[in-house]
Amino acid sequence: MNAAIFNFATLSGLLTMIGILVTALAFYSQAWKLTQTSGLSIFAQGEVGQGESAAVTSQKAHWRSLDILSQASVSFGVLTSSFWLVIGSLAGFTSSIKLHHPEVFGNTAELTFGRLRSFHLNAVGYGWLSIAGVSLVVWLMPRLVRERLPFASFNFAGIGLWNLCLTAGLTGILLGHSSGIEWLEMPRLANFGIALAGGMVATPVLLSVLTAKVDHLYVTAWYFLAALLWFPILFIIGNAPSIHNGIEHALANWWFAHNALGLWFTPISIGIGYYIIPKIIGRPIYSYNLSFLGFWTLALFYSNVGVHHLIGGPVPQWVVTVSVVMSMMMLIPVIAVAINHHMTAFRFLSKLRTSIPLRFIVIGSMMYTVSSVQGSLHSLRGLSRISHFTHYTVGHAHLGAYGFVSFVLFGAIYFALPKVMERDWPYPKWISLHFWCAIIGILVYVISLSIGGIIQGMAMLDISQPFMNSVTHTQAYMIGRSVGGGLMTLGHLVFFAHIVGLMLGALSNIRHRGELQK
Amino acid sequence: MTRLSIMLGALLILLSSSVVLVVAPYFAYVWPEAQGRNHELSEVQQRGREVYISMGCVYCHSQQPRNPGYGPDTARGWGYQPSAQDYAGQYPHQLGTSRTGPDLYNIGDRNPSIQWNLIHLYDPRLVVPWSIMPSFRFLFTEKDQPGPEDVVLDLKNIGVHPPRHVVATQDALALMAYLKSLQQKELPAHE
């Protein structure tokens, strides 16, 4: 068996080496014909130098005709995803309160901590992040390929099916039918439905890319394309009936769970950043060649990092080692994206003051850099000893999923929805209020859990302290987390109300236009 | 060219990562049948495991003591680090990634008292004042006249006098049976 193990570790190394070589070869042979002007492909003639703003009045006719194509799918997707965000964060907030006041809703099986926590994770992960993500892809793709998506009704139907299965799955969790597998708690049938819905949303996008007549396919589309191919496959493998059990199952579980972050939420958000940052600023990204490197190394390394969730566990060391090495290698794509996003934005920092969508996305992108470097570092054994099994990990997860992904999605929705609905945001001050709730909330949340988690971890490692200390010494930080979570939830209520307000306005627009035609 | 290479490249990379991390372990662990150290769960223990899963115990309790190089798990009495083989047959796995509460890998060895564990399940703060575990009172019923088969909580011993008798439901008892089955497997005779 030792021989077999050696071979698998070698296999992994070999496959990665081949991947790196192919990437390097493609790069040097210039097979992709990338030049600095490729980055200009998102601008129409004469647009460089003039940033695009979210305001409807500044909308150019050629973009407008592409934006309103996806009106039905995008409004449906944004409205439902922000609804899941509100529901999901209320569940998360309640779970957080239970960690310092365990008797809150203590007599209801449906609202016990274990169920509410997985309800929160699935509602914000597969409701908010996923549906908002695909809605934005559906908005952005026609802009990237400069034409209508084929079979666009699949997008709408896919988002509908997605919501239906999610509702069923979340209800299943509350009623006690959790599958017991982290990140895949919803009953299997609901999850297969979501994989199918993902496939339905992906089909028009993939077809549009194959038939598009543009000279150069912009980097954002690479990320979208890959993410939409990966998600249904990942989700089906993750949910496959028990071909695995015991330790093999734990490995497959965490391989899936980290890929859901790395190969689904992350590429969509990076892709959005690659489009909207240069678009608002009015200048192409800093180095287009670097985006090539960033894209392929993300795919190569991120797909293997998941098992660092089992460091120190009863799993073969080679698998953990592969994951730790890959986690460190992740610094390459992270730095590539960081240089591109930050160097583009930093030359025009004053725009952050005037454009809140840009502020959300640039800060989101900065949090991507921070949370990724943090993730790479604490996959190392020395730090993992302390942080593993503690609230620190929860803080890190929120820095990634909220600080990075959600911030980018917030910014993108604030930028895109007025264009799609042809209606400006009715209460601009609410956007600012949401921004400050979100940024202060996430900072309080992550700082509380990082300090609390380290105290908890040190107490658990110190045999002279009873286990009790790891609980009692972190109580103050649990309250800090609830404060941060409460602020974020408040921001989400504002965000949701604002979206409803904009849509009601857009409806009355449409009705008004109908009357004029009569 | 560019478009196809993105699609094919993306698929190939996902394929190779799933071969290494999902498919390979499947072949790396083919346990000889005779060596199986996994004790099959009885029907009631299995039901208890389902209650454990349905209540989401795994979000605060791991089942994987680490070796002393990683932390004093063994010194805390949580057992020795098991081998991968000790988990054979468990589906879904419940290794866990959080220790808001203590590890439960050997709770059946460590605290075999059904009464204590039932009271702790009913209201953890009756026996562990600093605990932040949820109380699972909904896994109990109250009766004036418990039957001979009923398991009644012995609350008087700890100075609590509820107006009616608190009786454990079948789910609570099944959960206890499962917790009791969580014991450190014997070390293999020769390895």
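Coordinate-derived values only; no laboratory data. The structure presented is a predicted model; accordingly, all values stated were derived computationally and were not measured. Note that each Cβ is placed from the backbone with ideal geometry, even for glycine, and that neighbours are counted across all protein chains shown.
Indicate the gyration tensor shape class of the stretch A:162-227 (rounded, prolate or oblate), computed on the Cα atoms with a ≥ b ≥ c the square roots of the eigenvalues: a/c under 1.5 is rounded; otherwise a/b larger than b/c is prolate and the rest oblate. In terms of gyration-tensor shape, prolate. Across peptide B:69-78, the average count of Cβ atoms from other chains found within 10 Å of a residue's Cβ is 4. With kT/(6 pi eta Rh) evaluated at 37 °C and eta = 0.692 mPa s, and Rh the Kirkwood radius from Cα pairs, the stretch B:88-152 diffuses with a coefficient of 229 µm²/s according to Stokes-Einstein. Just to confirm the filter: which trypsin sites (Lys or Arg not before Pro) across the stretch A:279-383 are DSSP coil and have at most 12 other Cβ within 10 angstrom of their Cβ? Sites meeting the loop and neighbour criteria: A:Arg347. The Rg/Rh ratio for the protein assembly as shown, using Cα coordinates for both the radius of gyration and the Kirkwood hydrodynamic radius, is 0.99. Which whole-number percent gives the relative contact order of the stretch A:361-498, counting Cα pairs below 8 Å spaced six or more residues apart? Relative contact order, the stretch A:361-498: 30 percent.
Each Lys or Arg adds one and each Asp or Glu takes one away; over the other residues whose Cβ falls under 13 Å from the Cβ of A:Arg423, this sums to +1.
In the P(r) worked out for the stretch A:334-435, what percent of Cα pairs fall beyond 16 Å? When every Cα pair of the stretch A:334-435 is considered, 63 percent fall beyond 16 Å.
The listed peptides A:156-167, A:41-52, A:304-315, B:80-91, ordered by packing as a protection proxy, come out as A:304-315, A:156-167, B:80-91, A:41-52 (highest mean of other Cβ atoms within 10 Å first). If R0 is taken as 35 Å, the Cβ-Cβ distance between A:Thr354 and A:His101 corresponds to a FRET efficiency of 0.25.
Take every pair of alpha-carbon atoms less than 8 Å apart whose residues are at least six positions apart; their mean separation over the length of chain B yields a relative contact order of 25 percent.
Sorted into 10 angstrom bins from 0, the C-alpha pair distances of the stretch B:116-191 split as 17, 43, 24, 9, 6, 1 percent. Sparse packing (at most 14 other Cβ atoms within 10 Å of the Cβ) combined with a DSSP loop state is found for none of the chymotrypsin sites (Phe, Trp or Tyr not before Pro) in the stretch A:319-363.
Put simply, the amide H of B:Ser98, placed in the peptide plane, has neighbours under 5 Å in B:Ser62, leaving out anything fewer than 5 places away on its chain. Percent of Cα pairs in the stretch A:148-263 per distance bin of 10 Å, from zero to the largest separation: 13, 38, 31, 14, 4, 0. Highest average first, the peptides A:469-482, A:182-195 ordered by how many other beta carbon atoms sit within 10 Å of their residues are A:182-195, A:469-482. Counting only Cβ charges, +1 for Lys and Arg and -1 for Asp and Glu, the dipole size of the protein assembly as shown around its Cα centre is about 2260 debye. Let a ≥ b ≥ c be the square roots of the eigenvalues of the Cα gyration tensor of chain B; is it rounded (a/c under 1.5), or, if not, prolate (a/b larger than b/c) or oblate? Prolate is the answer for chain B, as a/c is 1.5 or above and a/b outweighs b/c. Hey, for a label at A:Asn509 modelled as a point 7 Å past Cα toward Cβ, could you say which residues of the stretch A:392-436 have their backbone N under 15 Å away? Those under the cut-off are A:414-428. Taking the number of Cβ atoms within 10 Å of each Cβ as an exposure proxy, the fewest-first ranking of A:His378, A:His100 is A:His100, A:His378. In summary, the helical segments of chain A meeting the span-like criteria, namely a full DSSP H run, a Cα extent along the axis of 24 angstrom or more and a mean Kyte-Doolittle hydropathy of at least 0.5, are A:2-28, A:71-98, A:153-174, A:188-211, A:219-239, A:356-377, A:428-461, A:475-517.
For the stretch A:71-148, a Kirkwood hydrodynamic radius built from all Cα pairs, placed in the Stokes-Einstein relation at 25 °C and 0.890 mPa s, yields a translational diffusion coefficient of 177 µm²/s.
Across peptide B:130-141, the average count of Cβ atoms from other chains found within 10 Å of a residue's Cβ is 5. Measuring how big the stretch A:401-510 is from its alpha-carbon positions, Rg and Dmax come out at 19.6, 70 Å.
Return the subset of A:Lys279/A:Lys419; A:Lys351/A:Lys419; A:Lys351/A:Lys429; A:Lys98/B:Lys156; A:Lys60/A:Lys213; A:Lys98/B:Lys143 for which the Cα-Cα distance in this structure is over 25 Å, preserving the input order.
From the list (A:Lys279/A:Lys419; A:Lys351/A:Lys419; A:Lys351/A:Lys429; A:Lys98/B:Lys156; A:Lys60/A:Lys213; A:Lys98/B:Lys143), the Cα-Cα distance tops 25 Å for A:Lys98/B:Lys156; A:Lys98/B:Lys143.
Remark: the stretch A:296-366 is approximated by an ellipsoid whose semi-axes, taken from the C-alpha gyration tensor as √(5λ), come to 35, 12, 8 Å, largest first.
Test of understanding: ordering A:Ile442, A:Ile361 by Cβ neighbours within 10 Å, fewest first, what list do you get? Kindly include the intermediate steps, with their values, before the conclusion.
Numbers: A:Ile442 25, A:Ile361 29.
Result, fewest neighbours first: A:Ile442, A:Ile361.
Sort A:Phe265, A:Phe76 so the one with the fewest other Cβ atoms within 10 Å of its own Cβ comes first.
A:Phe76, A:Phe265
Across chain A, the relative contact order, built from alpha-carbon pairs under 8 Å that are at least six residues apart, equals 18 percent.
Count, for each residue of A:313-325, the Cβ atoms from other chains sitting within 10 Å of its Cβ, then give me the mean as a whole number.
Shielding by partners across A:313-325 averages 4.
Each residue, A:Arg148 and B:Phe138, gets one label point 7 Å from its Cα in the Cβ direction; the gap between the two is 5.0 nm. Each of B:Thr100, A:Gly160, A:Ile356 was scored by the projection of its Cα onto the charge dipole of the protein assembly as shown, and the greatest displacement toward the positive side belongs to A:Ile356; charges sit on the C-beta of Lys, Arg, Asp and Glu. In this label model, B:Leu11 and B:Gln170 are separated by 5.0 nm, measuring between points 7 Å along each Cα→Cβ vector.
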